[in-house]
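Enquirer: The structure follows.
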Amino acid sequence: MTAIVATLAGCDNNGSKKSNVKVPDGIFFDAPVEGLGYTSSSVLTVPDGDGPDREISRVPTKVALSKDGSVIVLKDSGTNSLLVSDDSGKNWSAKTASFDIAGIFVSNDGSTVIASDADNTGLISRDRGVSWSSLENFSCGKNPKVVGSADGRILYSAAFSYTARSGESGVVGTCYRKSLDGGVSWSETLVPTTDYIGSPNGVFGSPDGQTVAIATGAAKLGGVNPAALYVSVDAGVTWKQLRAGANQSYIDVKMSDNGQIIFTTTYTATYISRDGGSTWSDGLPNEAGPLQLLSSTIAMSSDGRRLLLTLRDGESKISEDGGRSWMPVAEGVTSGLGGLSADGSTLVIAPQTGQTTVYGTRIGGPLPGHPLGLSLTADEIPLYQVRIEKSASMRFTDANGGFNCENDGSITFYLGNQALGTLACAGLVHVLQLDDPADEAGISRGLRIAQALQTLDRNRSSDGVVRKIKLWDLSQNKIDIDFTASEEKFTESLQKIYSELPDVNDKPFSMVTPDDAAAHIDDSLGSSEAGFAVPNIKLACGKNPCPPTLQAVQNKDTQQRVGGTVTGLPVGRKATLELAYTSLDGDKTAETFVLSANGVYKFASSAAPKQPYTVSLKKKPSDPGVTCEMTNASGTMPLGTVSDVDMTCSVATPLKMTLGGTISGLAPDQSVTLVTGNNAVLAIANGQFTFPRQVNAGQLYEVRVLSATPARLQCGVASGTGQVPVNYETSTITTVQITCEPLPSYVVSGSISGLPDGESLTVIARDSDRLQPVTLSAENGDFAFALPFTGDYSVSVSDLPLSHTCSVDGSEGEAEFPSVSVAIACEIAEGTSYSIKGTVSGLPSGETVTVSNTDSLAGTSFEVLNSNGNYSFEAAFTGNYSLALSPLGNGLVCSLSSVSGSPAYPSVISDVSCSGASVSGVITGLPDNASIQVDFGASLGNSIESVSGSSPSFKSKYLQPGTTYDVKVLSTSGGITCEPVVNGIGTMGSTGVTDLSISCASGSTGTAPGSLGGTVSGLLDGDIVAIQDSLGDAGFLDSAGNGSFTLPNGVAPGIDYFIEVIYAGPPESGGTCSVMSNAEGTMPAADANPNYVDNVVVNCSY
C-alpha cells in the first residue's frame, strides 16, 4: 500500500488543517472530522488536598470557559464558591460568594466573568477573575442566566417571571435585560413576545452580541404549552420561533458562530439543525427508548463541529462531526457536568453528583473506544476530581499514515467513526504501530488493522482514478469491523463496507493476506517516507509498539551494522576494510576495520536505514600473490544488520621461472655449453641466453661452463648461483652473466695473378676454430680477409674463369702472428680451345652475310659468308662465345642456330639460315634515254626503283614468304606511256617471282606544253629522292635517273607551281636533297616559247 491516507494539502508540520485549502483526491480515512487521528496534548486534573481547591467539597455543578480555554470557572455544588483558573487549569484561585450561585458567564476573550444568583444578585470580574465587584440591576426575574459578546461589552440577562392574568394566578414567562457597557447599566425589563413564553432554561449569545437564542421550558396554562426555541438576530429587537415545543421543556440551546448549526435538547431527545433552523434531525438516535436528559448539559465549539452532551445516567458523549456520529467520552464512567471551549480545544468533565467513582489519572492501558486514552484505577482515584482535556482536536496523518505530535500527549486513530486505538505521542507515531499481543485465538488486532487499511487502499476504482473514501457514516449504516473476529467474519465486515460505499464498489473486492499485511508493516514503518528517520526511532519505538525489524534499530551493539564473512585470508596476514555510511545521527562518516582472521566480521558502528553504504578494501595483505575481492560491497541499508558483505582472498601459485642471462666475448663460430643441474643450453652468439627448462620457486641454481668451442676458449660466470624467488608477476631471471676472453688472432691475405682482365675467382679460407669457412671474390692483385683467424688455416679457390687453372702457394698451415700470406697463380689450361662452325642455307646468289663472335677471353672475330654450304671461323676460342649477324638492309632475313653459351669441345655448331626472295621483270618499248619509276607497294615499304631504257629490267628487295606485293608504274619520262604491270600483284612464296613485265611506248620527242621537270644530281646508286609539286604530283627517281626528270602531270598555263624534294633513301646513309634553283614559278602561256618548265635543279649530298 503506497499510502494509508492522502496528505491533506495545507496541513502544517503537526498535521493541523489550515483553512481554505482543497483536499486532493486520494485515499484517506474520514474520521468524525475528516481525518484519522484525534489527539490531546495534555490532560490536567483538579485534585483535592490542601489549598484553595479544598473549597470544592462537592462535585462542581457549573462550568464556563473562555473561547481558547485559558480561563476556566467552576462552581462547587456544596458551597457558594468559584474556582477560577486563567492558565488552562494549571493554577487556581477561589472566590466565595454571599449568595447561591445560579449561573456563570465567561466572555470569549476571558476578560469578563459573571456569577449570578437566583434573585437579582451577582458578581462581576473584568480582569479574568482577579478582582470582583457587585453586579446590580441585571435581572428581571428568577434564576437569571447571563450571556454576552466575545469582549463582554454586550450582555444579556434572561430570567423567568410571573405575570398575572385575568382569572389566573399567574403566567410563567421570560423577561430579559440588556447592557451595552459591560454590565454597568441595564435596560428596562423586556419581553420577547406577547405570547406565552416559558421560563428560560438555556440562553445563547453570539460573539458579536447581535444574536440571542432562548430555550424555554413548558408551563401548561389554559391548555397552552409555551415551550419553544426563539432567536433574535438584531440584538433582541425582533424575535423568531425556531422550533415549537414537544410537550416537554427545552433544556438548553447552542449555535455556531455563523448561526447555521443549532443544537438543543429536551428531557428525552436531542435535535440538530444544519441550516439555521429550517430543518431538524435527531441529534442522538436511541433505539432503546427516550433518552434521560434531565439535568444534562450541552456544549458546542464555535464552528459547530465538536459537540458535548452529558446524559442523566452519567454517561458523556462527544461528536467530532457536528452530531453525525457520537462516541463515549469514557466508557463505563459517569459524569454530571461538561464544558467545552468555543474553539473546541479544551474539554472539562466533572463527575455526577453523588458518585464516588470518578476519573482517575492517565495511567495504564487505554479504555476501549475513548479517543483520549483515559484509564481507570480505583486505588488512586481522589474523590470529586475534575478532568480537563486540553488542546484535544482532530488532526490528519501524513500520506504514509504517520503523525507528528508532542511527547506529552496521545493520539487516537479512527477508521470512520470507529476508534482503532491510542498511541502515546513520541514526536512521531504511526497508525501501523497500533499493535497488541495476539489473543487466545492467535489474532493480533494490530495485524488486523494493517490488513484493513491495506485492503481499503488496494480496492480502489478499477478505472485507475484515485478516489477519496468517506467512512464517517459507518455507524449510520450499522457497519462495524470486529478486529478480533475470525478471519471469515473479519473479511465479511470489510467486504460489507465496500459493498455499501459507492466510491469503491465498482472494483471486485480482494482481501490482503496477513503475511502481506505483516510485510507491509515492516516496509511502511521502515521506509523513509514513514518519517521514522534516525534518531527518532528510539523515541518512537520506546513508547509504542514497533515491528521487530524497526525495534531492533535501538540496539546499536547488534543491529543496523554492516558485516560479512572473510575466507581465504592467509594465516598471520591482515587486511583493512573501510565502511562509508550514514550514522544514526544522520552524519555521513566512515569506519575502518582490521581483519586478521577468517570468519565473520562486523563493523562496530550502526548505519542509518534507507541510506547508502559502501565497504571498500582499504589495504590488502602485503604478501605478493594474495588477492582479495569484495562481494555485495555497497547498497542501501535495510532495517537490521547487513551480513553479506563478504571478502574472499586467494593466494596465487608462484610462477615457474626461466633462468637466463647475457653472454659476451664470443667470436663468430665460437660457442659455450652452460649447465645448471640437469638443465643445459648451447650459447652460439653474444647476447641473451635462457635455459630450456623452467625452474620452480625456491629451487637453488648454479650456472657453470660445461664446454667451449674451441676448447681453449676461456669463459667466466658471474651471478650464476642463487635461489629462484617467489614471484607472481614476472617469469624470467636474466641476471646470469657469461664473459669469454678473446683468443689471439691473425690476418690471412695474399695476391692473385694470371686471370683474364675483368675476370675474378672465389677465395675460400678455413679456420680450425670455426665451423664454417669464409669467402671473398677477388681479381688480379692483392686481397685480405676481414675476419681474424685464431686456429690453423687452409686456403683454396673456386669459380675459376673458363679454360683456366689456378694454384695456391702456402695453401695451409698453423697460425702465424700477426699474419699469413698466400699467392694464387692462374693460367689457361692445355687443350681447352674450341672452334665455331656450321652450315649456311637460303643465302641468295650474289648476297653475303657477316658472322661475328665475341669470346669472353679473346675478344671479337668476323667471318664473311657469300655462299651456301659449310663455314668455319679461322680463329680458335677459349672463353664463352656470343655470335651475331651484321644487318643486311635489303629484306633478306638470316638467323643463327646457336647464339651464345659456354664452350663445347672441340667445337660449337651454329648454322646460318636465310630466307627471302625478290620480285623481278622486264620493260619493253622504253627508249634508251627514257626512264620510269616502279613502285613495289606498301608491303615493301613503298620502295621505288627507277629503270632506264638502256637497262630495261627491274627487281625488288627480298620479300619474306607470305608477303603480298603490288607493283605499279609510278612515273615516266616525258612522252612515255606504259601499260599496267603484267603479273604485278601476288603473294610471295619461298622462291623469287620473275614473270613481271611492263610495256611502254614513246610519243613526240619534243617537250610537252605545261610539263614540269628538271635535272637531279648527286644521288647515289639505289637511293631515292621524292619530288613533289604544289599540286601534289610526285615522281621518284633512283641513280639511274640522275639527269633529267619530268613530273607525271603538267601544270596549266598561268598556274603557280612550287617544287619540294625529300631524300627517301635509308636514314643511316645520312643523305639530304634540296632544290638548288627554280623551285617555284608560274607556268608559261600555251603560245609562249617555251611553254613548259624544265630547268628545276635538284642536288643531293651525303
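Enquirer: Here is the link list: 317/489; 75/317; 95/178; 489/610; 90/142; 75/543. Which ones come out longer than 32 Å on Cα distance?
Expert: Violating the 32 Å limit, Cα to Cα: 489/610; 90/142; 75/543.
Enquirer: How much net charge surrounds residue 671 when only the other residues with a Cβ under 12 Å from the Cβ of residue 671 are counted, with Lys and Arg +1 and Asp and Glu -1?
Expert: -1
Enquirer: Suppose R0 equals 60 Å. What FRET efficiency, 1/(1 + (r/R0)^6) with r the Cβ-Cβ distance, do residue 1085 and residue 990 give to the nearest 0.05?
Expert: 0.55
Enquirer: Residues with amide H under 5 Å of residue 82's amide H, sequence separation 5 or more or different chain, H placed in the peptide plane at 1.01 Å from N; which?
Expert: Hits under the 5 Å cutoff: 95, 96, 97.
Enquirer: Rounded, prolate or oblate: pick one for the stretch 747-828, where a ≥ b ≥ c are the square roots of the eigenvalues of its C-alpha gyration tensor, a/c under 1.5 means rounded, and failing that, prolate if a/b is larger than b/c, else oblate.
Expert: Prolate is the answer for the stretch 747-828, as a/c is 1.5 or above and a/b outweighs b/c.
Enquirer: Shifting gears a bit: Using the basic label-point model (7 angstrom from Cα toward the beta carbon), what is the residue 187 to residue 860 distance in nanometres?
Expert: Placing both labels 7 Å beyond Cα along the Cβ direction yields 16.5 nm.
Enquirer: Send over the per residue convex hull volume for the stretch 835-915, Cα only, as a whole number of Å³.
Expert: Taking only Cα atoms, the stretch 835-915 has a hull volume of 75 Å³ per residue.
Enquirer: Applying a 10 Å radius around every beta-carbon, put 574-585, 680-691 in order of their mean neighbour count, most first.
Expert: 574-585, 680-691
Enquirer: Separate question: Using 0.36 nm per residue, how much length does the chain from residue 757 to residue 809 gain when fully extended, once their Cα-Cα distance is taken away?
Expert: Contour length minus the Cα-Cα distance gives 16.5 nm.
Enquirer: Another question, then. Out of all DSSP beta bridges with both ends in the stretch 658-741, state the antiparallel percent to the nearest 5.
Expert: Rounded to the nearest five, the antiparallel share is 80 percent.
Enquirer: Continuing with this model, one more query. Among 593, 936, 1058, which comes first, then next, by fewest other beta-carbon atoms within 10 Å?
Expert: The order, fewest Cβ neighbours first, is 1058, 593, 936.
Enquirer: At R0 = 56 Å, how high is the FRET efficiency between residue 632 and residue 697 if r is their beta carbon distance? Nearest 0.05 is fine.
Expert: In this case the efficiency is close to 0.95.
Enquirer: Here's something else I'd like to know. Packing-wise, with mean Cβ within 10 Å as the measure, how do 260-269, 665-674 rank, highest first?
Expert: With the highest mean Cβ count within 10 Å placed first, the list reads 260-269, 665-674.
Enquirer: Take residue 794 and residue 592, extend 7 Å from each Cα along the Cα→Cβ direction, and tell me the distance between the two endpoints in nm.
Expert: 7.9 nm
Enquirer: Any chance you could run the full-extension gain for residue 734 through residue 679? It's 0.36 nm times the residue separation minus the Cα-Cα distance, nm to one decimal.
Expert: Result: 18.2 nm gained on full extension.
Enquirer: Right, here's the next one. Beta carbons within 10 angstrom, averaged per residue: use that to sort the peptides 817-823, 732-738, highest first.
Expert: 732-738, 817-823
Enquirer: Please compute the modelled spin-label separation between residue 258 and residue 711, points set 7 Å along Cα→Cβ, answer in nm with one decimal.
Expert: 13.0 nm
Enquirer: Rounded to the nearest 0.05, what FRET efficiency is calculated for residue 643 and residue 516 with R0 set to 22 Å and r the Cβ-Cβ distance?
Expert: After rounding, the FRET efficiency stands at 0.30.
Enquirer: What does the extension gain come out to for residue 876 and residue 900, with contour length at 0.36 nm per residue minus their alpha carbon separation?
Expert: 7.1 nm
Readers should treat all values here as calculations from the given coordinates under stated rules, not as data from a laboratory. The model shown is predicted, which means the values in this text are computed figures rather than measured ones. Glycine also receives a Cβ, built like all others from the backbone with ideal geometry; neighbour counts cover every protein chain displayed.
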